[in-house]
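Peer 1: Handing you this structure, nothing more for now.
None of the figures in this text is laboratory data; all of them are computed from the coordinates on show. A quick note: this is a predicted structure, and the numbers were derived from the prediction, not measured. Note: ideal-geometry Cβ built from the backbone for every residue, glycine included; neighbour counts use all protein chains shown.
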Amino acid sequence: MLRIDFWNILWTVVNLLVLYLLMKKFLFGPVIRVMEERKALIDSQFASASEAEKKALDMKAEYEKSLNQAKEESARLLDEAKSRGQAEYQRLVDEAGTQADQMMEKARTAIAEEKQKALRDMESEIASLAADAAEKILKENKSPAEDQMIYNAFLAKAGDSNEARGN
Amino acid sequence: MGDLAERLLEELNCETVFTIPVFGGMEIFESVVVTWIIMAVMVLLAVLLARNLRVESPGKRQLLLEAGVSFLYNFFDGILGEKGRRYIPYLCTVVIYIGIANIIGLFGFKSPTKDLNVTAALALMSIVLIEYAGIHKKGVKKWLKSFAEPVAIVAPINILELFIRPLSLCMRLFGNVLGAFVVMELIKMIVPAIIPIPFSLYFDVFDGFIQAYVFVFLTSLFMKEAIDD
């Protein structure tokens, strides 16, 4: 119990050193190594996960950007088409207006010409009527009362014909 | 009563198991032989438990083992910090060894820690490790200088500590185990049945583990002091 013996102390020291080395080799070394490896694995997995998340977010931002660009582009195209359509419409309307004006002008000219022609016709008819009447008067040689009657008849006839042409 | 004293003495005596006939007869004490048995058990268990360790999807056995190892590892890591990490396996080994040695009396062996030679050897290794850690960390010059800190006048006390620390470690462990053993023997002499159970739980099991804990705790505290600037 209380006997101190150098050899036994030495033996115990040797025993403990051997036990330490064996335990380190068979227990603590492998177990600690495994735990550290697992920790490293988990760390690397976390790192790669956060990297993937970052990449996904980047891609999302890119997609959103391109989507916005496409939206703007389509709005721009629509505006352009609208304004072009408006311009085309305006042009057509203007053209139609010009054409109508031209046609109106033409029609007016034609009407005027027609009128002119009718007037000329009427003048020649009146001339021939006058000539007929004069011829009649000369042939029949009638009294002044008859002359007056013939004159009235002529006037009535000329007036009628003029009215009929005017219509 | 004389009978009791005789039996106690016999129990306390560390017998010589055999003698190696070199250097004028090298006696091998019982404590050394029991230490061999403990070593065999520990190494066998370690080999059995730490087989086929896997990094991914560990089994129940491995998880249990890892929980135990990391419990001890974190305990010492908390005291020593990063600088003392290399000494942790030794301290873990010692705490397991002392823990088993203290309660091996329950299995019918004589506790090696009941032998002053074993606790002396443990304390010797502790003080060597403490001073080695200091030298390794600071270098010989700074280590020598650290004896005169914080003021030169305490140097004798610091040098005395070199002997007091292992002596107190050695005697504390030895005295506790011996005392617990004697108390338990006395109780068992007076009341042989039932009553010794709670006492045995306290003196054999609880006190055994507490002393193992105290031993390595103090060793690691001294080491922390030695490697701290």
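Peer 1: Kindly write out, for the range B:126-138 in residue order, the coupling ³J(HN,Hα) from the Karplus curve 6.51 cos²θ - 1.76 cosθ + 1.60 (θ = phi - 60°), rounded to whole Hz, with x marking Gly and Pro.
Peer 2: 4, 5, 5, 5, 4, 5, 4, 4, x, 5, 4, 7, 9
Peer 1: For chain B: lysine pairs with Cα atoms under 13 Å, gap of 8 or more or different chains, count?
Peer 2: Going through chain B pair by pair, I get 5.
Peer 1: Test of understanding: express the Cα radius of gyration of the protein assembly as shown as a ratio to 2.2 N^0.38 Å, with N the residue count.
Peer 2: Compared with the compact-globule rule of thumb, the protein assembly as shown sits at 2.93.
Peer 1: Please report, in cubic angstrom per residue, the volume enclosed by the convex hull of the alpha-carbon atoms of chain B.
Peer 2: Details: hull volume 43.5 nm³, N = 229.
Dividing the Cα hull volume of chain B by its residues yields 190 Å³.
Peer 1: Could I ask something else about it? Considering amide H positions built from the backbone, and no H for Pro or chain starts, which residues 5 or more places from B:VAL17, or on another chain, come under 5 Å of its amide H?
Peer 2: B:ILE28, B:PHE29, B:GLU30
Peer 1: Considering all projection directions equally, how large on average is the shadow of the alpha-carbon convex hull of the range A:8-167, in square nanometres?
Peer 2: With every direction weighted equally, the projected area is 18.3 nm².
Peer 1: Here's another thing I want to ask about it. Dipole of the protein assembly as shown, Cα-centred, from +1 at each Lys and Arg C-beta and -1 at each Asp and Glu C-beta, to the nearest 20 debye?
Peer 2: For the protein assembly as shown, the charge dipole is close to 2180 debye.
Peer 1: Continuing with the same structure: 7 Å from Cα along Cα→Cβ at both B:LYS83 and A:ALA158: what's the point-to-point distance in nm?
Peer 2: 14.6
Peer 1: Within a 10 angstrom radius of each residue's Cβ in B:81-91, how many Cβ atoms of other chains show up on average? Whole number is fine.
Peer 2: 2
Peer 1: Quick one: angle between helix B:60-80 and the longest Cα principal axis of chain B, in degrees between 0 and 90, rounded to 10, please.
Peer 2: 60
Peer 1: What's the center-to-center distance, using Cα atoms, between the range A:92-113 and the range A:48-81 in Å?
Peer 2: Using only Cα atoms to place each centre, the spacing works out to 56 Å.
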